[in-house]
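A.B. asks: I'd like to ask some things about the structure below.
The values are calculated or read from the model by the stated rules, or taken from the named source; none is laboratory data. All values reported here derive from a predicted model rather than from experimental measurement. Cβ coordinates were reconstructed from backbone atoms using ideal geometry, including for glycine residues, and neighbour counts include every protein chain displayed.
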Amino acid sequence: MKVVFLGPPGAGKGTQVEIISSRYNIPKIVMGDILRSEVNRGTELGKIVRQYMEKGELVPDEIILQIIEKHIKGLDSFILDGFPRTLNQAKGLEKITKIDRVVYIDVPDEEVKRRLLARGRMDDKPEVIENRLRVYKEQTQPLIDYYESKGILVRVDGVGSVEEVTGRIERALGLKG
């Protein structure tokens, strides 16, 4: 099963990907972790990625797609977290492999703000959170529409306990009755 997880910042994607990945032994591919690893290891790719990150710019889609292709090559199943972020990336991914399901963890803006403020990270200030939500909506809403039109998007209510949300995801993916 090849699955993409989408959801706003603070929706619990990382937590849910971790649970589903370990519970069902499905490899997880977390774009942020891959990019940081390449940079930390000082690989050729890492040097290129670092240049964009240092300028605060997004790494171009063609580089991101090369990275993803390298990591999913030969895998029959995986969970993607943090990718795709744009419609262009989604279309590029489609040329590499067929995605079976897209899990959209749906959390209302007010709940997202509450969760992010509660975790107390330095960059979790109200104005920063507002901006992150705005950017997320601009970039991700087209993805939600795109995957919905393909009939592979499942919306999961992201409000509730971690286990409640996990159960909803398991049922949506047909992992549990």
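A.B. asks: Going through the stretch 124-136 one residue at a time, which ones are β-branched (V, I, T) and surrounded by fewer than 17 Cβ atoms within 10 Å (Cβ to Cβ)?
C.D. replies: V128, V135
A.B. asks: Select the helices (runs of 4 or more DSSP H) contained entirely in the stretch 1-54, then report the ones holding at least 2 residues which are closer than 26 Å to D109 by Cα and either in contact with a Pro (Cβ under 9 Å, 6 or more places away or on another chain) or not polar (S, T, N, Q) (or both).
C.D. replies: 13-24, 31-41
A.B. asks: Restricting to the stretch 137-158, and then to whatever is in contact with a Gly (Cβ under 9 Å, 6 or more places away or on another chain) and of a type outside the set (A, V, I, L, M, F, W, C), can you tell me which residue is surrounded by the most Cβ atoms within 10 Å (Cβ to Cβ)?
C.D. replies: Per the stated criteria, the residue is G158.
A.B. asks: If you take the residues of the stretch 55-65 that are among the acidic types (D, E) and part of a helix (DSSP H, G or I), which of them is surrounded by the most Cβ atoms within 10 Å (Cβ to Cβ)?
C.D. replies: Per the criteria, the residue is D61.
A.B. asks: Sort out which residues of the stretch 77-113 are outside any strand (DSSP E or B), touching a residue at least 12 places away in the same chain (Cβ under 8 Å) and more than 23 Å from E62 (Cα to Cα), and write them in order of number.
C.D. replies: Listed by number, the residues that qualify are V107, P108, D109, E111, V112, K113.
A.B. asks: When you check I169 against the structure, is it out of contact with any Gly (no Cβ under 9 Å at 6 or more places or on another chain), part of a loop (DSSP other than H, G, I, E, B) and surrounded by 12 or more Cβ atoms within 10 Å (Cβ to Cβ), yes or no?
C.D. replies: no
A.B. asks: Hey, another quick one. Checking I68 against (1) surrounded by 17 or more Cβ atoms within 10 Å (Cβ to Cβ); (2) not in a helix (DSSP H, G or I): exactly one of these is not met. Which one?
C.D. replies: Of (1) surrounded by 17 or more Cβ atoms within 10 Å (Cβ to Cβ); (2) not in a helix (DSSP H, G or I), only one is false for I68: (2).
A.B. asks: Just to check your reading of the model, which residue among R115, R85 is of a type in the set (K, R), within 18 Å of K150 (Cα to Cα) and either at pLDDT 95 or above or surrounded by 12 or more Cβ atoms within 10 Å (Cβ to Cβ) (or both)?
C.D. replies: R85
A.B. asks: Follow-up question, since we're still on this one. Filter the stretch 37-51 down to the residues that are surrounded by 15 or more Cβ atoms within 10 Å (Cβ to Cβ) and without any contact (Cβ under 8 Å) to a residue 12 or more places away in the chain and list them by number.
C.D. replies: G46, R50
A.B. asks: Based on this model, can you work out whether V107 counts as more than 25 Å from K150 (Cα to Cα), surrounded by 15 or more Cβ atoms within 10 Å (Cβ to Cβ), of a type in the set (V, I, T) and touching a Gly at 6+ places or on another chain (Cβ under 7 Å)?
C.D. replies: Against the criterion (more than 25 Å from K150 (Cα to Cα), surrounded by 15 or more Cβ atoms within 10 Å (Cβ to Cβ), of a type in the set (V, I, T) and touching a Gly at 6+ places or on another chain (Cβ under 7 Å)), V107 does not qualify.
A.B. asks: Here is a list: G74, G14, G32. Which entry is under 16 Å from the mean Cα position of the chain (by Cα) and exposed (fewer than 13 other Cβ atoms within 10 Å of the Cβ)?
C.D. replies: G32
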